[in-house]
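Participant: Please see the structure below; I have some questions.
Read-outs throughout are calculated quantities, based only on the coordinates presented, and are distinct from any laboratory measurement. Because the structure is predicted, anything quoted here is derived from the model rather than measured. Note that each Cβ is placed from the backbone with ideal geometry, even for glycine, and that neighbours are counted across all protein chains shown.
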Amino acid sequence: MMDGRAWVFGDNIDTDVLAPGQYMKSGVEELARHCLESVDPEFANNVRAGDVVVGRRNFGTGSSREQAPEALKHLGVAALVAELRAARSETETIKTDLEKRRSAELDSKKKIEEERRRIERLEAEKKQLLVATNNQAAAYRQVLAARERRKVEIKSALFRLRGSDAITFGAALDHANFIFAKTGVRPAFLMAVITQESNLGANVGTCNRPGDSPAKHWSKILKPDRDQTPFLQIVKALGLDPEVVPLSCPQAGGWGGAMGPAQFIPSTWLLYQAKISAITGHQPPSPWAPRDAFAASGIYLAELGANGRTWSAERTAALKYYSGSRWAQPKNAFYGDGVMKIAADYQELIETLQNN
């Protein structure tokens with residue numbers, strides 16, 4: 001027998017009401033605080049462990065978002081009673097199956113294209129070596145020397161990081177390889193996300209620097225009830241001055257304050273802090289330290305499915321990293337497409353470094 005209060009809701013409570021999209025990047029604790037708030041703003045504050053949620057028709061429909069039941073579980077909800085619990089219509093099921101088939105076809109196509117490009121690069125190099133070998137030993141040595149110079153150029157090229165000093169491509173690859181061993185996220189893809197975040201951060205501009213206007217101060221750009229206290233906790237633990245730490249400016253009238261190469265907001269960084277420390281060993285980890293930033297992005301991307309390492313899995317993870325539940329909206333496609341283009345370029349550079 002179950003002992004608890006019943007919370008009764010009406011029809012058509014979908015997964016976006018249970019797990020609001022704008023908080024999908026914030027972790028289950030923050031997400032749970034906003035569970036069902038659009039229909040009952042005080043639900044998360046007043047629900048107690050052992051309570052029961054009662055829904056009517058079409059409760060839990062919408063996108064198949066596993067965070068929806070996780071949010072209820074986190075709040076202590078013991079049971080859910082509904083006419084249709086997390087049910088999807090036949091049309092949605094067909095749509096999902098078609099999307100899976102389309103993703104599989106795209107994955108196969110992209111894999112074939114990548115293999116073709118790799119073979120073309122190898123064949124071109126073999127022809128170059130064969131010509132040099134047939135002509136003279138000196139020419140052969142010149143080709144090998146040119147290859148080694150190219151490797152040095154790639155390794156020493158600057159890899160720009162948002163909110164931190166640039167590092168070399170070789171150092172970035174070392175960080176990405178380290179995180180790959182811990183999370184399974186492909187190095188070229190992780191580096192591409194970091195680059196895309198840095199590019200976007202550069203576009204929105206930097207706030208909270210010495211000499212910036214009062215409107216760019218951290219107290220003006222960070223959301224007061226979500227990020228200001230976490231920001232002060234982070235910089236205090238790191239021994240940094242909150243008055244001069246660079247933060248990204250707000251976008252399109254929203255709140256700003258994204259930190260470092262991974263561009264995590266302070267409240268999200270705190271949610272992932274222990275996981276980052278477990279990988280890097282840094283106590284506390286810093287949003288502005290490259291290894292910690294790479295770890296933060298890698299952990300989150302793995303949670304979003306990027307460790308599946310197919311083209312569609314990576315692109316979807318990139319889109320969710322950027323826009324949460326709105327990842328499928330056409331206006332956000334530029335982010336995923338941009339990441340995958342950068343990842344393809346980086347993969348070629350990485351393979352050049354690996355080619356002996």
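Participant: Quick one: grab the alpha carbon gyration tensor of segment 277-356, order the square roots of its eigenvalues as a ≥ b ≥ c, and give me rounded if a/c is under 1.5, else prolate or oblate depending on whether a/b is larger than b/c.
Facilitator: Oblate, because a/c is 1.5 or more while a/b does not exceed b/c.
Participant: Which translational diffusion coefficient, to the nearest whole µm²/s, is obtained for segment 157-354 from the Stokes-Einstein equation, given a Kirkwood hydrodynamic radius over C-alpha pairs, 20 °C and 1.002 mPa s?
Facilitator: For the chosen part, D equals 127 µm²/s.
Participant: Still on this model: Using label points projected 7 Å from each Cα along Cα→Cβ, tell me how many nm separate Ala49 and Glu303, to one decimal.
Facilitator: Distance between the two pseudo-spin positions: 2.2 nm.
Participant: Order of Ser103, Ser325 from fewest to most other C-beta atoms within 10 Å?
Facilitator: Ascending number of Cβ neighbours within 10 Å: Ser103, Ser325.
Participant: Holding the Cα-Cα limit at 27 Å, pick out from Lys182/Lys216; Lys73/Lys216; Lys109/Lys331; Lys100/Lys320; Lys25/Lys331; Lys25/Lys100 the pairs that are longer than that.
Facilitator: Distance filter (> 27 Å) returns Lys182/Lys216; Lys73/Lys216.
Participant: In whole angstrom, how far apart do the alpha carbon centroids of segment 234-266 and segment 1-73 sit?
Facilitator: 30 Å
Participant: Once phi is turned into ³J(HN,Hα) by the Karplus curve 6.51 cos²θ - 1.76 cosθ + 1.60 with θ = phi - 60°, what whole-Hz value does each residue of segment 219-224 show in order, with x for glycine and proline?
Facilitator: With the stated coefficients, segment 219-224 comes to 5, 9, 9, 8, 5, x Hz.
Participant: Hey, another quick one. Can you list residues from other chains, or at least 5 along the same chain, whose modelled amide H is less than 5 Å from the amide H of Val54?
Facilitator: Trp7, Val8, Phe9, Val81
Participant: Using the Cα centre of segment 6-88 as the reference point, and only Cβ charges (+1 on K/R, -1 on D/E), how large is the resulting charge dipole? Debye, rounded to the nearest 20.
Facilitator: Rounded to the nearest 20 debye, it is 220 debye.
Participant: Oh, and also: Which three extents, in whole angstrom, do the alpha-carbon atoms of segment 208-301 cover along their principal axes, largest first?
Facilitator: Projected onto its principal axes, the Cα set of segment 208-301 covers 37, 28, 22 Å.
Participant: Enumerate the amide H contacts of Cys207 below 5 Å, restricted to partners 5 or more residues apart or on another chain; note that Pro and chain-start residues carry no placed amide H.
Facilitator: Leu247, Ser248, Cys249
Participant: Specify whether the C-alpha gyration tensor of segment 6-88 places it in the rounded, prolate or oblate class, a ≥ b ≥ c being the square roots of the eigenvalues: rounded for a/c under 1.5, otherwise prolate if a/b is larger than b/c and oblate if not.
Facilitator: oblate
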